[in-house]
Amino acid sequence: MSNAYKMMKAVTFPAIGKYEYTERPEPQIKGAKDVKIKVLGASICGTDVAILAEPQRVPGVPGIILGHECVGEVVEAGPEVRALRVGDHVILDNNLPCGVCPACLSGNANLCADMRSMGVHIDGVFAQYAVAPETQMVRISKDLPLDQSIFAEPVNCVMGAVKKLKVMPGDTVLVLGGGPIGLYFTTLLRKCGAGKVLVSEMSGFRAKYAIGQGADRVINPAGEDLQGQVLAETDGRGADIVVDAVGCLLPDAIRCVKAGGSILLFGQNAAATQTVCQNDITARGITIYGNFIGNNTLQNVANLLNTHAADFTKMITHRLPLSRFGEGLEAMRRGEALEVVLDPFAD
């Protein structure tokens, strides 16, 4: 039987609010620089939850294969592929820039005007096989366990933001939100030299993981005065850096950052609006950055993982076969999961 007719298991997005565990034809290499991978493991992201929400919070395209976080093994390479070979293990940046718009040509492909994202606009990685351009992949050590490499895609997004912040040794950092993204920030900012890392989080479940990922203290804003506690932790100055990992907490960030400090806005929430006083920013000399995906940082992520410089494995709360995707999705929706790892080849 021709490869074109081989079938594989996949989780698809047939209609708004719906998913299906089904069979799809294995994807085939079409471009000379395409690479086909066997998906060794994939993980559920908050973006997947948002695509499957009703109404959608992220506008995924019905009909696609879902998923964008994975680790793969190269099984076939196009004739112009240069850096990868069959058998290599790779991590993947699922965001495919056009390469010709002004943003791409100025070195800012993460701001591409015609970006296509696997698992959002085109077929993704909740399947046994996937195809993507070589430019979106970086080799990792075959000896690196899946439990360590599975975090590559979200860490890449956070790495792009951390790259902007220029953390100084001893800085006090406040991370607003202790979900998976907040925990990646907690870990990386600590590794960059932050002297004190504070996390604002209402969930006791997430708070325990924040401490495990390097937070010095978790402040519960539902029962504590967030600004007052941050000032108490910083001798009245405020945090050097505040990260909003939720997507609707800019007013809190402004209140908690020091004069001359920096705010990084990362969380995505297109439905949220906020009211701020611009003078609170200008008169205090606050710098505000925005970021949501990495830009030329995937090799940094591979280096981080290959050298075991950061450990995210404690964040894995569920390991499931791809066929039980729905269980992982519901755990994410209930706030009872952080990292749900899916095995496409398990029964």
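Being of a type in the set (S, T, N, Q) and either surrounded by fewer than 20 Cβ atoms within 10 Å (Cβ to Cβ) or modelled with pLDDT under 95 (or both) is the filter here; which residues of the range 248-296 pass it? Before the answer, list the steps.
Step one: filter the range 248-296 for residues of a type in the set (S, T, N, Q), giving 262, 268-269, 273-275, 278-279, 282, 287, 291, 295-296.
Of everything in the range 248-296, those that are of a type in the set (S, T, N, Q) and either surrounded by fewer than 20 Cβ atoms within 10 Å (Cβ to Cβ) or modelled with pLDDT under 95 (or both) turn out to be Q268, N269, T273, Q274, T275, Q278, N279, T282, T287, N291, N295, N296.
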Scanning the range 120-157 residue by residue, those open to solvent by 10 Å² or more (accessible area, probe 1.4 Å), of a type outside the set (A, V, I, L, M, F, W, C), within 22 Å of L338 (Cβ to Cβ) and outside any helix (DSSP H, G or I) turn out to be P145
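Please state which one of Y184, Y209 is farther than 30 Å from E80 by Cβ, over 16 Å from the mean Cα position of the chain (by Cα), at pLDDT 95 or above and not in a strand (DSSP E or B). Walk me through how you get there before you give the answer.
Working: Y184 fails: over 16 Å from the mean Cα position of the chain (by Cα).
Selected residue: Y209, the only one of Y184, Y209 that is farther than 30 Å from E80 by Cβ, over 16 Å from the mean Cα position of the chain (by Cα), at pLDDT 95 or above and not in a strand (DSSP E or B).
Where in the range 260-347 are there helices (runs of 4 or more DSSP H), lying wholly inside it, with at least 1 residues that are closer than 25 Å to T172 by Cα? First the steps, then the outcome.
Numbers: elements: 278-282, 298-306, 325-333.
Because the criterion is at least 1 residues that are closer than 25 Å to T172 by Cα, the helices (runs of 4 or more DSSP H) in the range 260-347 that meet it are 278-282, 298-306.
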Practice problem: Would you mind stating whether S117 is in contact with a strand residue (DSSP E or B) (Cβ under 7 Å, 6 or more places away or on another chain) and surrounded by fewer than 23 Cβ atoms within 10 Å (Cβ to Cβ)? | Solution: yes
Exactly one of A15, A10 is under 30 Å from V246 (Cα atoms), at pLDDT 95 or above, of a type in the set (A, V, I, L, M) and open to solvent by 10 Å² or more (accessible area, probe 1.4 Å), and that one is A15
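The values are calculated or read from the model by the stated rules, or taken from the named source; none is laboratory data. Values in this document were obtained by computation on a predicted structure and should not be read as measured data. No Cβ is skipped: glycine too gets one built from the backbone with ideal geometry, and neighbour counts run over all protein chains shown. In case anyone asks, the SASA skips ligands and DNA or RNA and just uses the protein heavy atoms, side chains included. Shrake-Rupley method; radii C 1.70, N 1.55, O 1.52, S 1.80 Å.
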